[in-house]
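Trainee: Just passing along the structure, written as structure tokens.
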Amino acid sequence: MTTISGKVALVTGGANGIGLAIVNSLLENDVKGVAMVDITKSEGFESLQHKYGSKVIFLNADVTKGTQLEDAFEKTVQTFKNLDLVFNNAGIADEDRKEEMIALNLMAVVRGTCLALEKYFPKHKSSSEEPVIVNTASIFGLDTWPIYPVYCASKHGVIGFGKALSMPEAYTNHKTKIISICPTLIKTNLTTLFMVQNPDMPYLTPDEVGKRVMDILKKTQGCATWVIDVNKTYEVEFPPKESLEKE
């Protein structure tokens, strides 16, 4: 179980969609402070700042740029003195921007995770409780989506990265909960075209995902991968590779 109250969080892609919903849910759960990191400020930030004041800050950063991402970490610690929860959430779904998609969906997750593990958590976590990294993958990090192969590849990468860091040999060194979340289809700007083409497809709202992520934090005992489906949320158990042999 992870205590949310009194902690400090950083959320990339925090100005819209899932990121904004996570920021809102963190504030509803009484975090000490949360940094909303994104390339553009949204009305959502203005609303949250009006309600929560200095507990929420906006940091302008392109998280595909290593120096800008690290600067966001640094400003978060300067403002709130601690850092306990990192949500690597920024992402896009656009097969016309393949290299940018890999840079944002995967490499920014890798950089954000490594910054937290190697530099900021060791010095700035607020208590003896394990810090937490939540990396946003997708249901298409476990499944596939024919019209978005590079998107699928980027999200499969997030899952593999999290699995590797969850191995006992890695966990012994970093002592951090690594949680990969795999939401199903969500009604956001990223999925507008898909929703128009598939109007009868069930979907989640960002707010529902934000609330479920808080539930996952509260109940997860260690590193894990979670699916956030329309009707249920469940932890994934990966089969041993020996069981994958085709008969």
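The values are calculated or read from the model by the stated rules, or taken from the named source; none is laboratory data. All figures in this text were calculated on a predicted structure; none of them were measured in a lab. Reconstructed Cβ throughout: ideal geometry from the backbone, glycine too, with neighbour counts over all protein chains shown.
Trainee: Six or more apart or on different chains, Cβ under 7 Å: which pairs go from a residue in the range 58-81 that's closer than 13 Å to residue 12 by Cα and among the charged types (D, E, K, R) to one that's surrounded by fewer than 20 Cβ atoms within 10 Å (Cβ to Cβ) and at pLDDT 95 or above? Could you list them?
Mentor: Pairs that qualify, where the first residue is closer than 13 Å to residue 12 by Cα and among the charged types (D, E, K, R) and the partner is surrounded by fewer than 20 Cβ atoms within 10 Å (Cβ to Cβ) and at pLDDT 95 or above, are 62/39; 62/68.
Trainee: Name every residue in the range 4-17 that is out of contact with any Asp or Glu (no Cβ under 8 Å at 6 or more places or on another chain) and modelled with pLDDT under 95, in order of residue number. Steps first, answer last, please.
Mentor: So in the range 4-17, the residues out of contact with any Asp or Glu (no Cβ under 8 Å at 6 or more places or on another chain) come out as 10-11, 17.
Across the range 4-17, the qualifying residue is only 17.
Trainee: Can you tell me which residue is nearest to residue 1 (Cα to Cα) among those in the range 123-152 that are among the small types (Gly, Ala, Ser) and surrounded by 18 or more Cβ atoms within 10 Å (Cβ to Cβ)?
Mentor: Looking only at the range 123-152, we keep the residues that are among the small types (Gly, Ala, Ser), and these are 126-128, 137-138, 141.
Still in the list and also surrounded by 18 or more Cβ atoms within 10 Å (Cβ to Cβ): 137-138, 141.
Values: 137: 21, 138: 23, 141: 25 Å.
Selected residue: 137.
Trainee: Further, regarding this structure: Got at least one residue in the range 94-117 being at pLDDT 95 or above, within 18 Å of residue 162 (Cβ to Cβ), among the charged types (D, E, K, R) and not in a strand (DSSP E or B)?
Mentor: Yes: the range 94-117 contains one or more residues that are at pLDDT 95 or above, within 18 Å of residue 162 (Cβ to Cβ), among the charged types (D, E, K, R) and not in a strand (DSSP E or B).
So that you can scan it fast, the table gives a plain yes or no per residue for (1) among the basic types (Lys, Arg); (2) part of a helix (DSSP H, G or I); (3) modelled with pLDDT under 95:
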| position | (1), (2), (3) |
| --- | --- |
| 2 | no, no, yes |
| 23 | no, yes, no |
| 68 | no, yes, no |
| 71 | no, yes, no |
| 79 | no, yes, no |
| 82 | no, no, no |
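Trainee: Continuing with this model, one more query. Anything in the range 206-229 that is surrounded by 14 or more Cβ atoms within 10 Å (Cβ to Cβ), not in a helix (DSSP H, G or I) and not small (Gly, Ala, Ser)? List them, or say none.
Mentor: Passing the criteria: 220, 223, 225, 226, 227, 228, 229.
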